[in-house]
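Input: a single structure, listed below in structure tokens.
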Amino acid sequence: MKEGFLYRTFSSCSFALKTGWRISKKRVILEFLHWAFMYVDWLLVSCVLIRFILDMAMKRTSFEKMMVYVWSVVLLEAFLKIYSRYFESYVKPVTDVKLYDGINRMLYDKACQVDMRCFEDSEFYNEYMMAVSQAHTKLPETLEGVCQILARFVAMICGMVIIYQIDRLAALFIIFPILGNFVFYGVLNSRIFRMERENIVFQRMADYVNRTVHLGEYAKEIRMTNVFRLLKKQYDKAVAAIRKVIGNYSLGNMILFWLFQYFTFTLLQEGAVLYAGYRVLVSGTMVFAQMAVIQTTMNSNTWTLIGFADSVMAIVKNGLYLEQTRHFLQHEPAIPEDQEGLLPELPIRSVEFEHVSFGYKEGDWVLRDIHFKIEGNQSVALAGYNGAGKSTLMKLLMRLYDPVEGRILVNGIDIREYQVKAYRDLFATAFQNGKIFANTIEENILMGRNTDEKQDRKKVERALRLADMYEEVESQPLKEKTILTREFSKEGVVFSGGQNQKILAARAFAKDSPIAVFDEPSSALDPIAEYHLFENIREYGKDRILFFISHRLSSVRDADVVFYLKNGRIQERGSHSELMSLNGEYASLYRLQAENYLT
């Protein structure tokens, strides 16, 4: 471990308190008062009141004087109960929502800044899932645990003082539950966390199958093929692995839990009763009233100590989860979204790759020695087989990744010198696997850009016309205000794959950026729709630098420059006619595709 156990736990508690204080000061203050008042109530009733009544009974104090004290305690207890209900019924639910909102906003902001390559790192992704899935519950639980520990610690000290005043030796019985809770139960909790951590990968596998079976987008494949057998096999494998992990820990956990129970309850309670009974019945050195106070206080202290230990162990366990959250929030991305730098100057005159190489893992190259220069408003087509590196090349250009070797220049300046947000705003994009959001058609096209409402309507209309979706959208009852998907609305519309792809293209058309990137924008379209879309893409790209990727080489014929990629390198480059004259792999692939249409 890089950090000590106590240091890590303290850091997680400190993180929870600071974060909770920043989100809701009211929750932190009232949470502490809630638990402090609860144990004031416990001390009054379980220890002080019983001792006072027994003392007065032995001294034959007047009933009236006794009742004054009792009613004072009753009234104080009534106030404490009212406050407890106020906190549990109003303060806690309201501030739980505030904490949920606050921590999720922090996680959302950080998730938008994390480097793209992190999501392809399984170890990072596992930690990320632990951070985002548990933070909104572990934060309030840790706040509660810290307040419980402080209140219970003070209550235990007060209880021990009461026992110590009666019999010093009896106070030593507290050693047994301390061993039970902080040694055996502590080791048990640590083992449970390790068990859960080992299971998280297998749990994700099982959750994937569960999600796949229940989502409508997989329904056709499940019904028309035998893929469910594969999914069930994957699920059975995950469940078997989970059972194996649990089995590896079960015997040790059972023994530790028995030791915890024996030391915490049996040795303390039965031992204290036997000791006090001996003092009363055999040696005659203790009166029955003192024995009763010791017994009630010892029982109460036992449960307070158990609660204290539970709170400590819960904090330790929650702290291990919050540690993932803390590390995630402290993660420094290689490409910070808020990175300051130069503002790109318009117009964009050139885009240049200088001997760029890139790999997602060290030594595993996806692109090697890519070099080219595009000047003016040229259209550039990227062609090649799957896995050749076409999409990765575009991600490097948009600075979703940085090259491992070489550099990328825009207007002669290394793109790493530009302000990240301003630089990425240069691009209008339609991604190959772009996503449709459960928002209106208009919002799916504008993607959060705030402009004038009339301008928005004109942009959306123009974009839909270029994407050949205007008539379809106009036929909807709410037109561009129609909700896409039925995730949250029964009135939502579910478009076909091709129509969704047109919406993605419209998203790019609506953004008046100097560089446009269309990554397989027509893979779900029929040939006629594809032809019209590429005609409109070329029209849209006349006033800007245009990059597009397509497996159908008939779509790249009119590009100014074609780069044919193979094994991460640009194997052939030139116009369509030049590459056909070269009679290389591009020409062979083009003729092969053409034959499929002509035969």
Return the residues of the stretch 102-139 that are more than 25 Å from Arg197 (Cα to Cα) and touching a residue at least 24 places away in the same chain (Cβ under 8 Å); say none if nothing qualifies. Gly102, Cys112, Gln113
Looking at (1) out of contact with any Gly (no Cβ under 8 Å at 6 or more places or on another chain); (2) touching a residue at least 12 places away in the same chain (Cβ under 8 Å), find the lone condition where Lys361 falls short. (2)
Right, Glu474: touching a residue at least 40 places away in the same chain (Cβ under 8 Å) and either in contact with a His (Cβ under 9 Å, 6 or more places away or on another chain) or among the acidic types (Asp, Glu) (or both) or not? no
Can you tell me how many residues in the stretch 38-80 are surrounded by 14 or more Cβ atoms within 10 Å (Cβ to Cβ), at pLDDT below 75 and either part of a loop (DSSP other than H, G, I, E, B) or in contact with a Lys or Arg (Cβ under 9 Å, 6 or more places away or on another chain) (or both)? 2
Kindly list the number of the only condition in (1) surrounded by fewer than 11 Cβ atoms within 10 Å (Cβ to Cβ); (2) modelled with pLDDT under 85 that fails for Arg8. (1)
Of Ile157, Ile178, which residue is among the aliphatic types (A, V, I, L, M) and modelled with pLDDT of 80 or more? Ile157
Subset of the stretch 363-415 [among the polar types (S, T, N, Q) and either at positive phi or exposed (fewer than 15 other Cβ atoms within 10 Å of the Cβ) (or both)]: Asn386, Asn411
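Conditions (1) free of Cβ contacts under 8 Å to residues at least 24 places away in the same chain; (2) surrounded by 14 or more Cβ atoms within 10 Å (Cβ to Cβ); (3) within 30 Å of Asn444 (Cα to Cα), marked per residue:
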{"residue": "Ser513", "(1), (2), (3)": "no, yes, yes"}
{"residue": "Asp519", "(1), (2), (3)": "no, yes, yes"}
{"residue": "Asp526", "(1), (2), (3)": "no, no, yes"}
{"residue": "Glu530", "(1), (2), (3)": "no, yes, yes"}
{"residue": "Glu539", "(1), (2), (3)": "no, no, yes"}
{"residue": "Phe547", "(1), (2), (3)": "no, yes, yes"}
{"residue": "Ala559", "(1), (2), (3)": "no, yes, yes"}
{"residue": "Asn567", "(1), (2), (3)": "no, yes, no"}
{"residue": "Met580", "(1), (2), (3)": "yes, yes, no"}
Does Thr266 satisfy being over 39 Å from the mean Cα position of the chain (by Cα) and either at positive phi or among the β-branched types (Val, Ile, Thr) (or both)? yes
Any residue in the stretch 230-245 that is at pLDDT 90 or above, outside the structural domain of Glu127 (by TED's automatic domain parsing), exposed (fewer than 14 other Cβ atoms within 10 Å of the Cβ) and among the hydrophobic types (A, V, I, L, M, F, W, C)? yes
Test each condition in (1) touching a residue at least 12 places away in the same chain (Cβ under 8 Å); (2) out of contact with any helix residue (DSSP H, G or I) (no Cβ under 8 Å at 6 or more places or on another chain) for Met67 and report the one that comes out false. (1)
Tabulated pairs, the stretch 255-277, first over 18 Å from Ile163 (Cα atoms) and in contact (Cβ under 8 Å) with a residue 24 or more places away in the chain, second surrounded by 13 or more Cβ atoms within 10 Å (Cβ to Cβ) and aliphatic (A, V, I, L, M), C-beta under 8 angstrom, 6+ apart or interchain: Leu256/Val187; Leu256/Leu188; Phe257/Leu188; Phe260/Leu188; Phe263/Leu179
Note on Asp560: of the conditions (1) closer than 15 Å to Ala505 by Cα; (2) over 41 Å from the mean Cα position of the chain (by Cα), unmet is (1)
Just wondering, is there one or more residues in the stretch 452-470 that are assigned to a loop (DSSP other than H, G, I, E, B), crowded, with 17+ Cβ neighbours inside 10 Å, of a type in the set (Asp, Glu) and in contact with a Lys or Arg (Cβ under 9 Å, 6 or more places away or on another chain)? yes
Are there helices (runs of 4 or more DSSP H) fully within the stretch 493-599 with at least 2 residues that are among the aliphatic types (A, V, I, L, M) and in the same structural domain as Leu346 (by TED's automatic domain parsing)? List them. 527-540, 576-582, 585-598
Filter the stretch 85-122 down to residues that are surrounded by fewer than 16 Cβ atoms within 10 Å (Cβ to Cβ) and among the hydroxyl-bearing types (Ser, Thr, Tyr) and give me whichever is nearest to Phe32 (Cα to Cα). Tyr86
Give the residue, chosen from Lys237, Lys233, that is more than 26 Å from the chain's Cα centre (by Cα) and closer than 30 Å to Lys435 by Cβ. Lys233
Spot the failing condition for Ile157; the list is (1) more than 21 Å from Gln324 (Cα to Cα); (2) surrounded by fewer than 20 Cβ atoms within 10 Å (Cβ to Cβ); (3) among the β-branched types (Val, Ile, Thr); (4) not assigned by TED's automatic domain parsing to the domain that holds Leu44, and only one is missed. (4)
Hits in the stretch 424-482 - residues which are at pLDDT 90 or above, under 16 Å from Asn500 (Cβ atoms) and of a type in the set (Gly, Ala, Ser): Ala430, Ala463, Ala467
Could you list, in sequence order, all residues of the stretch 298-340 that are more than 25 Å from Leu259 (Cβ to Cβ) and outside any loop (DSSP other than H, G, I, E, B)? Tyr321, Leu322, Glu323, Gln324, Thr325, Arg326, His327, Phe328, Leu329, Gln330
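The values are calculated or read from the model by the stated rules, or taken from the named source; none is laboratory data. Computed from a predicted model, the values in this text were never measured in an experiment. No Cβ is skipped: glycine too gets one built from the backbone with ideal geometry, and neighbour counts run over all protein chains shown.
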